[in-house]
Amino acid sequence: MIKLVIFDLWRTLIPATIDFTHLFSLLKEMKIEIHEFVVEYEDAVQKKKYNNFEELRKDFFEYFKQYDNDLLEQELYEIYHNRFDKIYYYSEVESTLKKLKKEGYKLALMSNTESLRQKDLEEKLKLKEYFDFLGYSFEIGAIKPDSKTFQTVLSHFDVNPNEVIMVGDSYRSDVGGAQGMGFHNCLIEHDNIDKKYHPSIKPEFKITKLDEIFRVLGVLNEKSK
C-alpha cells in the first residue's frame, strides 16, 4: 500500500511563471539548451541559503562566467522579482491535496528551489496546511536526482521505499531520482522540457492532471493486496 506521496513543486503543482522570451534569447546567446541551463542553474544557486539577492546574484554570474550579460540580468529579475505575484496552483491541485490528506496519505514536498522568498511562497500557497514535510534543496544541500534529497524526506516517515510514490514533471530529477531510490513514480505531463534528453528513463505512470493520481494509487494499492 502507498503511504507517502512526494510531490515536486514547480511545473507540477504550480506553473514556472517565467517570461520565456527572455530565457530563450539568453539560451541562444549562451548557445546552450534549456535543459542544460536548468541543470546548471540548479547547481549554481539552489544548494545553499542566501541572506540577500546580491549574494545569490554574485554566485549566479560567477558560475556562468557572464559578468556583463544584460539578458542574464533580465532573467534574474524574472525569477526573483517579477514572477512572484503570478504564482498560483493549477486548478485541480488544492482539491487533490485535501482529498489525499482526508484519505490518510502522508504528503511531502521535495523541490529544487532557491532560498530567497521561499517563506513568502510557503505562506502564499499555504504549503504547511497541505504537507507533512517540506524538503528544499537549499536546506538539504543537494538537488534532485541526488539520493540525499529523497533520503532526507524518507527519514521523516515510518515507511518503506515501496510504500512511496514520487510525482513530478522531470524525467531526470523526479522520475529518475525516484527510480534510483526504489520508489514508485508518476510523471505529470506539463511541458516536460527534459523528455528528449533522457530516453532511457521510463516513468512507471503518466498523468496529465494531478487529480488523476487517484487512479494511479488505486492501481498500486490493488496490486499490493
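Residue-wise test of (1) of a type outside the set (Phe, Trp, Tyr); (2) buried (at least 16 other Cβ atoms within 10 Å of the Cβ); (3) at pLDDT 80 or above.
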{"residue": "Arg11", "(1), (2), (3)": "yes, yes, yes"}
{"residue": "Lys31", "(1), (2), (3)": "yes, no, yes"}
{"residue": "Glu40", "(1), (2), (3)": "yes, no, yes"}
{"residue": "Tyr50", "(1), (2), (3)": "no, yes, yes"}
{"residue": "Arg57", "(1), (2), (3)": "yes, yes, yes"}
{"residue": "Phe61", "(1), (2), (3)": "no, yes, yes"}
{"residue": "Tyr89", "(1), (2), (3)": "no, yes, yes"}
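Restricting attention to region 191-218 and to residues that are in contact with a His (Cβ under 9 Å, 6 or more places away or on another chain) and exposed (fewer than 14 other Cβ atoms within 10 Å of the Cβ), the residue that is nearest to Phe37 (Cα to Cα) turns out to be Lys196.
Among the residues here, Ser91 qualifies as under 28 Å from Val153 (Cβ atoms) and either part of a loop (DSSP other than H, G, I, E, B) or aromatic (Phe, Trp, Tyr) (or both).
Would you say Val219 is in a helix (DSSP H, G or I) and assigned by TED's automatic domain parsing to the domain that holds Lys99? Judged against the criteria, Val219 is a match. Cβ-Cβ distances below 7 Å connect no pair with a first residue in region 72-88 that is small (Gly, Ala, Ser), a second residue that is surrounded by 15 or more Cβ atoms within 10 Å (Cβ to Cβ), and a separation of six or more residues or different chains. Kindly indicate whether Lys3 is among the charged types (D, E, K, R), within 15 Å of the chain's Cα centre (by Cα) and over 24 Å from Glu189 (Cβ atoms). So Lys3 does not fit the description; no. Of everything in region 98-123 that is among the basic types (Lys, Arg) and farther than 11 Å from Tyr136 by Cβ, the residue that is modelled with the lowest pLDDT is Arg117.
Note on region 122-174: residues that are acidic (Asp, Glu), over 25 Å from Glu212 (Cα atoms) and over 15 Å from the mean Cα position of the chain (by Cα) amount to 2.
In region 186-225, of all residues being β-branched (Val, Ile, Thr) and over 21 Å from Leu97 (Cβ atoms), the one that is modelled with the lowest pLDDT corresponds to Ile193. Of all residues in region 65-79, those satisfying the criterion of being closer than 21 Å to Ser170 by Cβ and in contact with a helix residue (DSSP H, G or I) (Cβ under 8 Å, 6 or more places away or on another chain) are Glu75, Glu78. So is Met166 over 20 Å from Ile34 (Cβ atoms) and buried (at least 23 other Cβ atoms within 10 Å of the Cβ) or not? Answer is yes for this residue.
The values are calculated or read from the model by the stated rules, or taken from the named source; none is laboratory data. Here the structure is a predicted model, which is why all the values come from computation and not from measurement. When we count neighbours, we look across all protein chains shown, and the Cβ atoms used for this are built from the backbone with ideal geometry, even at glycine.
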